[in-house]
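> Following this message is one structure expressed as structure tokens.
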Amino acid sequence: MWEPFHYFLGRWQGTGSGSPGISTVQRTYSLVLNDYFIEIKNRAVFEPQEKNPDGEIHEELGILSFDKSREAYILREFHVEGIVNQYVLVSRDPMVFETENIENFYPDWQARTTYKILDENNFRETFDLAGPGKPWACFITLDLRRVPEK
């Protein structure tokens, strides 16, 4: 069931850039609860910038599941701001998740996350947003590299 996601299991670190600024990122992907789910923990520390002179720490918790009745992978992300994104996997190469629902955000917005595997130890994640009737626009891009096991 988790074969498409085995690549991601483990610890990652990297950098991000986009609308919220420049960030350093730490992330883990772990099988949990008898391997029925993949837990994703993410922490990004954004550098101070003109529109946010104190910088920012963004944390999120993701849970990836497989919905047997739909035969679909579902990703739920819980963000420190109280926003909850529920995505469905719409493509495997590249891996693309699009929202089915967003809680506690502007009405009728959509989000999309794309994972592009660059090599055995590096991937790029692009997070796009689209307002009502608007095209997708990149909000942030992350470049992550695998942290070797000790």
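The values are calculated or read from the model by the stated rules, or taken from the named source; none is laboratory data. Computed from a prediction, not measured in an experiment: that's the story for all the values here. Cβ sites come from the backbone with ideal geometry, for glycine too, and all protein chains shown count toward neighbours. Keep in mind that these areas ignore ligands, DNA and RNA; they rest on the heavy atoms of the full protein, side chains included. Shrake-Rupley method; radii C 1.70, N 1.55, O 1.52, S 1.80 Å.
> Give me the tail of P(r) for the stretch 1-87 as a percent: Cα-Cα pairs with distance above 21 Å.
Numbers: 1461 of 3741 pairs.
Roughly 39 percent, once rounded to a whole number.
> Right, something else. Which one, Y36, V84, F123, projects farthest toward the positive side of the charge dipole computed for the chain from Cβ point charges (K/R +1, D/E -1)?
Checked the options; the winner is F123.
> What would the Debye formula give as log10 I(q)/I(0) at q = 0.09, 0.11 Å⁻¹ for the alpha-carbon point model of the chain, no solvent?
Log-scaled intensity ratios, in q order: -0.28, -0.42.
> Return a whole-number percent for the relative contact order of the stretch 22-144, with Cα pairs under 8 Å and 6 or more residues apart as the contact set.
Working: 262 pairs, mean separation 15.2, N = 123.
Dividing the mean separation by the residue count of the stretch 22-144 yields 12 percent.
> To the nearest Å, what is the center-to-center distance of the stretch 84-150 and the stretch 1-54, using C-alpha atoms only?
Going from one Cα centre to the other spans 11 Å.
> Moving on to the next point. Excluding D119 itself, what net charge comes from residues whose Cβ is under 13 Å from its Cβ, given Lys and Arg +1 and Asp and Glu -1? Don't jump to the answer; show the numbers that get you there.
Numbers: positive: K116, R124, R145, R146; negative: E120, D143.
For residues surrounding D119, the net value is +2.
> Determine the gain in length on full extension of the stretch R145-D54; use 0.36 nm per residue of separation and subtract their C-alpha separation, reporting nm with one decimal.
Working: separation 91, 0.36 × 91 = 32.76 nm, distance 2.68 nm.
Between R145 and D54, full extension yields an extra 30.1 nm.
> Where Lys and Arg each count +1 and Asp and Glu each count -1, what net charge lies around G16 among other residues with Cβ under 12 Å from its Cβ? Walk me through the intermediate numbers first.
Numbers: positive: R27, R43, R124; negative: E47, E56, E125, D143.
Value of the local net charge: -1.
> Pulled fully out, how much extra length does the chain show between D108 and R11, if you take 0.36 nm times their separation in residues and subtract their Cα-Cα distance?
Values: separation 97, 0.36 × 97 = 34.92 nm, distance 3.37 nm.
In short, 31.5 nm is gained.
> What does the highest-first list of 50-58, 20-28, 113-121 look like by mean Cβ count within 10 Å?
Details: 50-58: 10.7, 20-28: 17.4, 113-121: 14.1.
Ranked from most to least packed, the peptides come out as 20-28, 113-121, 50-58.
> Show me the ranking of peptides 98-109, 76-87 by mean Cβ neighbours inside 10 Å, starting with the highest. Show your work: numbers first, answer last.
Numbers: 98-109: 13.4, 76-87: 16.2.
In descending order of packing, they fall as 76-87, 98-109.
> Can you find, among P4, L64, T113, the residue sitting farthest towards the positive end of the charge dipole of the chain, where Lys and Arg contribute +1 and Asp and Glu -1 at Cβ?
With unit charges placed on the Cβ atoms, the residue in question is P4.
> Treating only the Cβ atoms of Lys and Arg (+1) and Asp and Glu (-1) as charged, compute the dipole magnitude of the stretch 59-142 about its Cα centre; round to the nearest 20 debye. Write out the running numbers ahead of the final one.
Working: 8 positive and 15 negative charges, 46 e Å.
Charge dipole, the stretch 59-142, about its Cα centre: 220 debye, nearest 20.
> Also, quick follow-up: Could you tell me what percent of the accessible area of the stretch 14-150 is made up of carbon and sulfur, with a 1.4 Å probe and every protein chain present?
Details: 4160 of 8280 Å².
Within the stretch 14-150, the accessible surface is 50 percent carbon and sulfur.
> To the nearest 0.05, how large is the calculated FRET efficiency for T24 and F78 if R₀ is 25 Å and r is the Cβ-Cβ distance?
Working: r = 21 Å, r/R0 = 0.85.
Working from the Cβ atoms, E equals 0.75.
> Separate question: Give me the one-decimal nm value for the distance between modelled label points at K134 and E39, 7 Å along each residue's Cα-to-Cβ direction.
Label-label distance for K134 and E39, simple model: 3.5 nm.
> Relative to the present Cα-Cα distance, how much length would full extension add between S65 and I117 at 0.36 nm per residue of separation? List each step's numbers first, then the result.
Details: separation 52, 0.36 × 52 = 18.72 nm, distance 2.06 nm.
Extra length from S65 to I117 when fully extended: 16.7 nm.
> Here's another thing I want to ask about it. So if I place +1 on the C-beta of Lys and Arg and -1 on the C-beta of Asp and Glu, and nothing else carries charge, what would the dipole magnitude of the chain be about its Cα centre? I want it in debye, nearest 20.
Numbers: 16 positive and 24 negative charges, 55 e Å.
Approximately 260 debye in magnitude.
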